Amino acid sequence: MSCQDGTVLQGTLFTPQQGLIGAVLMGPATGIKRQFYSNFALYLAQHNYAVLTFDNRGIGGSLQGRVQYSEASLQCWGEQDMPAALDCLMTRFPETAYHLVGHSAGGQLIGLMHNAHHISSVFNVACSSGRLRNMRFPFVLSARFFMNMVIPLSNRLFGHTKAQWFGMGEPLPKGAAEQWRQWCNGQGYVKTAFGKTVHSHLYDELAMPALWVNAPDDFIANDANVADMISVFPKMRAETLTLRKEDYGLDEIGHMKFFSRKSEVLWRHATDWLDRWS
């Protein structure tokens with residue numbers, strides 16, 4: 001798929017065998033490749049939803065050349081990549097309901113999409129402002145170290161952030177990592193950039209229903225940070241759902257494990273929500 005600025009992205013389309021109910025755009029977390037969501041996408045396809053997973057520019061199959069030369073940013077992921085992916089989904093599956101399943105950044109950036117008004121509902125997982133000030137001890141110490149020490153130093157030494165060394169997905173283009181650092185140090189995540197680098201957005205306009213799902217063992221998307229991110233969408237019809245690992249016999253949900261095959265017991269929450277708004 002091609003973005004408005006000519007950047008080509010790699011994606012994978014999951015098509016139901018029969019009875020299309022709706023189409024889902026899978027918005028990936030920062031630095032996470034599309035393959036991470038394959039089992040979840042297959043599950044949705046088995047429940048009659050078409051799903052498009054994709055790699056943001058500078059990540060996975062959408063990395064062109066060496067990562068240190070990538071000019072990708074969080075902002076262009078929201079302004080260019082996600083709209084292109086939604087356009088692709090709408091072209092392949094016209095005349096249906098479109099939904100966003102956003103994981104972390106994949107839900108945070110929806111307000112930067114110029115075509116977000118086509119989305120009927122949002123199902124956000126581990127999506128929050130990631131504000132460092134709202135994180136609890138002792139996790140906040142490692143979070144501050146990564147954001148304010150590792151990112152600047154790695155960018156200076158290597159020309160990109162070695163996020164993979166810290167279990168944080170793929171190597172990150174320096175612009176994406178630096179913007180991530182700035183936004184997590186502020187309030188309201190992307191709101192930090194309003195009037196600075198972000199001059200046009202839909203955060204004040206989006207009014208679709210949205211379910212924001214988090215877990216108590218997610219030390220990033222804690223309740224305070226989820227509320228902080230929801231506040232950036234003043235018109236959005238937001239509901240929240242907290243999933244406790246012990247209620248489902250799971251060892252961990254955290255920030256990443258919702259999409260693990262081991263957490264399939266949780267996925268009915270997604271299909272229940274999508275069915276409600278399709």
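The values are calculated or read from the model by the stated rules, or taken from the named source; none is laboratory data. All figures in this text were calculated on a predicted structure; none of them were measured in a lab. For neighbour counting, all protein chains shown are included, and Cβ atoms are generated from backbone atoms with ideal geometry for every residue, glycine included. The accessibility values were calculated without ligands, DNA or RNA, using every heavy atom of the protein model including side chains. Shrake-Rupley method; radii C 1.70, N 1.55, O 1.52, S 1.80 Å.
Looking across the range 165-180, the residues that are in contact (Cβ under 8 Å) with a residue 40 or more places away in the chain and closer than 17 Å to residue 60 by Cα come down to 168, 169, 170, 171, 172, 173, 174, 175, 176.
Among the residues of the range 233-250, is there at least one that is more than 22 Å from residue 32 (Cβ to Cβ), open to solvent by less than 30 Å² (accessible area, probe 1.4 Å) and either assigned to a helix (DSSP H, G or I) or modelled with pLDDT of 95 or more (or both)? So far as the range 233-250 goes, yes, one or more of its residues are more than 22 Å from residue 32 (Cβ to Cβ), open to solvent by less than 30 Å² (accessible area, probe 1.4 Å) and either assigned to a helix (DSSP H, G or I) or modelled with pLDDT of 95 or more (or both). Restricting to the range 151-193, and then to whatever is polar (S, T, N, Q) and either within 24 Å of residue 113 (Cβ to Cβ) or in a helix (DSSP H, G or I) (or both), can you tell me which residue is nearest to the chain's Cα centre (by Cα)? Result: 179. Is it the case, given these coordinates, that residue 219 is within 21 Å of residue 131 (Cβ to Cβ), surrounded by fewer than 19 Cβ atoms within 10 Å (Cβ to Cβ) and hydrophobic (A, V, I, L, M, F, W, C)? Judged against the criteria, residue 219 is a match. Flag: residue 221 does not match the condition of being among the hydrophobic types (A, V, I, L, M, F, W, C) and part of a strand (DSSP E or B). Report every pair of residues separated by at least 6 positions or lying on different chains whose Cβ atoms are under 6 Å apart, first residue within the range 133-147 and closer than 17 Å to residue 228 by Cβ, second open to solvent by 40 Å² or more (accessible area, probe 1.4 Å) and of a type in the set (A, V, I, L, M). Close Cβ pairs (under 6 Å, with a partner that is open to solvent by 40 Å² or more (accessible area, probe 1.4 Å) and of a type in the set (A, V, I, L, M)) amount to 134/224.
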